[in-house]
Amino acid sequence: KYEGPSTAEVVSLRRQYMNPGIFAYYKKPLMLVEGNGQYVYDEEGKQYLDTFAGIVTISVGHCHPKVVAAGQKQLETIMHTTTIYYNPEVALLAKELISKMPEGSGLNRVYFTNSGSEANDLAVLMSRMYTGAYDMISLRNGYHGMSEGMRGLTALKNWKFAVPQAFGVHHALNPNRYRGPFGYDDPDSAHKYANDVKDLIDHATPGKIACYIAECIQGVGGTVVLPDGYLKEVYKHVRDAGGLCIADEVQTGFGRTGTHYWGFEGHGVIPDIVVVAKGMGNGTPIAAVITREDVAMTMKTGLHFNTYGGNPVSCAIARAVLKIIDEENIQQNAYERGEQYMEGLLKLQKKYDFIGDVRGKGLMIGLEMVKDRVTKEPAVEETLQVMERCRDMGLLIGRGGLLGNVFRIKPPMCISEADVVFALDVMDRAFGEL
Ligand code: PMP
């Protein structure tokens, strides 16, 4: 039984002492005090099925016993050294992470950091060092973090401040086939969106660029799935301009897309740099940049240091996570539960006119709410109402997109068949009340 401060006390503490800009879901504050697998619990012990997973961070389940054991053991052994000394955990994790890269990719060097933002910053630095070029291209509606540099690459007004940020950034058209200029009914959409990148290179840069970065399914932006064939063409344009291709796998990695371990593999491309975070630590802070040796060598001219990057505790935990993903067939479960979810959500779309779009891959799913299927006017209040009702009925869902009208369904990948049935039933009931 939970015996700490009450939700009301914590709300008051946060209001009094913390950043006034932090936001929280739900009208009635929800404090989570315990987690177990795909479930979380509030102070009264009420159970919720967690289909947002700490924003796509809990990969193999809250407090997975093997993750806990690995962390505990390391905490009792040695908590920290920094990379100026040798420690086995970080070196072994590096090897194990590399073993997950596609064969023949040449992606064989790892740098560890603590967050996705730091890792993306490092990826950008590497691309500039390697290419000697400065300009970068990211996608409108993309999210890459909150550091100064990443606020520049991120292209959503909700996450920006009116200050200079990351010079040399160009934002390409978002290949959103639901809302963009080239829709689902345009068989050439991938090619047309890819051409926009080429157009940017030709008109906004000296013709040489440092890098192109993208999520293959936009997370914060509302589960926008890049069209098939798009990345392949874009990567060619970028490489023709001397640039490196960075895959931001912070949300899509570690089997979440179901068909592949990495999201980019589903697009038939090999990036020059891969950035991972979130699910790798199953809730503990660890992130990494993986690149080729020739790219890493250009960084040798200066030191790279990060006090907690690659700390033994986070590394021991990440090693346990990688092992669990294999041992418990997590990727296959992401695939099967993803198919089950999709089928159910598409049925709901037939039933409810305000479900404008259902999209995603594996357990990275989005459902976009509109007031009208023709005008696509976003149904923001309705989205909020459904969210509140789902919470009452024991289901937590994420929300996102520029307009805040997209449900984000990205549960811990250990979710069961019965859980998906429950989630679909609760959503159906909440939609039915609209
Ligand atoms: N890239 C993507 C795709 C993300 O979703 C996020 C976090 N939401 C980041 C980078 C930044 O990660 P962090 O918050 O760990 O800095």
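Looking at (1) more than 16 Å from the ligand (Cβ to nearest atom); (2) of a type in the set (S, T, N, Q); (3) under 23 Å from the mean Cα position of the chain (by Cα), which one does T298 not meet, given that it meets all the others?
Result: T298 fails condition (3) only.
Regarding the stretch 193-211, can at least one residue be identified that is within 16 Å of the ligand (Cβ to nearest atom) and at pLDDT 95 or above? Working first, answer last.
From the stretch 193-211, those within 16 Å of the ligand (Cβ to nearest atom) are 211; that's our starting set.
Now narrow it down to the ones that are at pLDDT 95 or above: 211.
Within the stretch 193-211, one or more residues are within 16 Å of the ligand (Cβ to nearest atom) and at pLDDT 95 or above.
Which condition does S59 not pass, out of (1) within 24 Å of S115 (Cα to Cα); (2) touching a residue at least 40 places away in the same chain (Cβ under 8 Å); (3) loosely packed, with under 13 Cβ neighbours inside 10 Å, if it passes all the others?
Failing condition for S59: (3).
Results for (1) among the charged types (D, E, K, R); (2) under 21 Å from E118 (Cβ atoms); (3) out of contact with any helix residue (DSSP H, G or I) (no Cβ under 8 Å at 6 or more places or on another chain), shown as yes or no for each residue.
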{"residue": "Y212", "(1), (2), (3)": "no, yes, no"}
{"residue": "T223", "(1), (2), (3)": "no, no, yes"}
{"residue": "V238", "(1), (2), (3)": "no, no, no"}
{"residue": "Q251", "(1), (2), (3)": "no, yes, no"}
{"residue": "F254", "(1), (2), (3)": "no, yes, no"}
{"residue": "G258", "(1), (2), (3)": "no, no, no"}
{"residue": "G281", "(1), (2), (3)": "no, yes, no"}
{"residue": "V295", "(1), (2), (3)": "no, yes, no"}
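Collect the residues in the stretch 176-191 that are in contact with a Gly (Cβ under 9 Å, 6 or more places away or on another chain) and without any contact (Cβ under 8 Å) to a residue 60 or more places away in the chain, keeping them in residue-number order.
N176, R177, S189, A190, H191
Within the stretch 307-329, identify whether any single residue is more than 21 Å from R177 (Cα to Cα), in a helix (DSSP H, G or I) and of a type in the set (D, E), and answer yes or no. Walk me through how you get there before you give the answer.
Of the stretch 307-329, the ones more than 21 Å from R177 (Cα to Cα) are 307-329.
Narrowing the set further to residues that are in a helix (DSSP H, G or I) leaves 312-327.
Next, only the ones that are of a type in the set (D, E) stay: 326-327.
Yes, some residue in the stretch 307-329 is more than 21 Å from R177 (Cα to Cα), in a helix (DSSP H, G or I) and of a type in the set (D, E).
What is the one condition in (1) in contact (Cβ under 8 Å) with a residue 60 or more places away in the chain; (2) aliphatic (A, V, I, L, M); (3) closer than 24 Å to Q251 by Cβ; (4) touching a helix residue (DSSP H, G or I) at 6+ places or on another chain (Cβ under 6 Å) that L173 does not satisfy?
(1)
Would you point out the residue of the stretch 118-154, among those that are buried (at least 22 other Cβ atoms within 10 Å of the Cβ) and of a type in the set (F, W, Y), that is farthest from the ligand (Cβ to nearest atom)?
Residue satisfying both the conditions and the ranking: Y130.
K100 versus (1) outside any helix (DSSP H, G or I); (2) within 16 Å of the ligand (Cβ to nearest atom): which is the lone unmet condition?
Failed condition: (2).
For the stretch 103-117, which residues satisfy the criterion of being more than 16 Å from H304 (Cβ to Cβ) and either free of Cβ contacts under 8 Å to residues at least 24 places away in the same chain or away from the ligand (no atom under 12 Å from the Cβ) (or both)?
Within the stretch 103-117, E103, G104, S105, G106, L107, N108 meet the criteria.
Listed here are the residues, each with its yes/no results for (1) closer than 24 Å to D196 by Cα; (2) in a loop (DSSP other than H, G, I, E, B); (3) in contact (Cβ under 8 Å) with a residue 60 or more places away in the chain; (4) polar (S, T, N, Q).
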position: D121; (1), (2), (3), (4): no, no, no, no
position: S127; (1), (2), (3), (4): yes, no, yes, yes
position: Y134; (1), (2), (3), (4): yes, yes, yes, no
position: N141; (1), (2), (3), (4): yes, yes, yes, yes
position: H144; (1), (2), (3), (4): yes, yes, yes, no
position: R151; (1), (2), (3), (4): yes, no, no, no
position: F161; (1), (2), (3), (4): no, yes, no, no
position: F167; (1), (2), (3), (4): yes, yes, no, no
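For the stretch 112-119, check the following and say yes or no: at least one residue is part of a helix (DSSP H, G or I) and more than 30 Å from I290 (Cβ to Cβ). Before you say what the answer is, go through the steps one by one.
Taking the stretch 112-119 and keeping what is part of a helix (DSSP H, G or I), we get 116-119.
Applying the additional criterion that residues be more than 30 Å from I290 (Cβ to Cβ) yields none.
Looking for residues that are part of a helix (DSSP H, G or I) and more than 30 Å from I290 (Cβ to Cβ), one finds none in the stretch 112-119, hence no.
Which of the residues spanning the stretch 300-331 are polar (S, T, N, Q) and without any contact (Cβ under 8 Å) to a residue 12 or more places away in the chain?
Step one: of the stretch 300-331, the residues polar (S, T, N, Q) are 301, 306-307, 311, 314, 329, 331.
Matches in the stretch 300-331: N329 only.
Within the stretch 159-183, can you find the residues that are out of contact with any strand residue (DSSP E or B) (no Cβ under 9 Å at 6 or more places or on another chain) and surrounded by fewer than 18 Cβ atoms within 10 Å (Cβ to Cβ)?
W159, K160, F161, A162, V163, P164, Q165, F167, P181, G183
Within the group L49, L75, L13, which residue is touching a strand residue (DSSP E or B) at 6+ places or on another chain (Cβ under 7 Å) and modelled with pLDDT of 95 or more? Don't jump to the end; show me each part of the working.
On the way: L75 fails: touching a strand residue (DSSP E or B) at 6+ places or on another chain (Cβ under 7 Å); L13 fails: touching a strand residue (DSSP E or B) at 6+ places or on another chain (Cβ under 7 Å).
Unique residue meeting the criteria: L49.
The values are calculated or read from the model by the stated rules, or taken from the named source; none is laboratory data. Keep in mind that what you see is a predicted model, and the values were worked out from it rather than measured. Ideal geometry is used to build each Cβ from the backbone, glycine not excepted, and the neighbour counts take in all protein chains shown.
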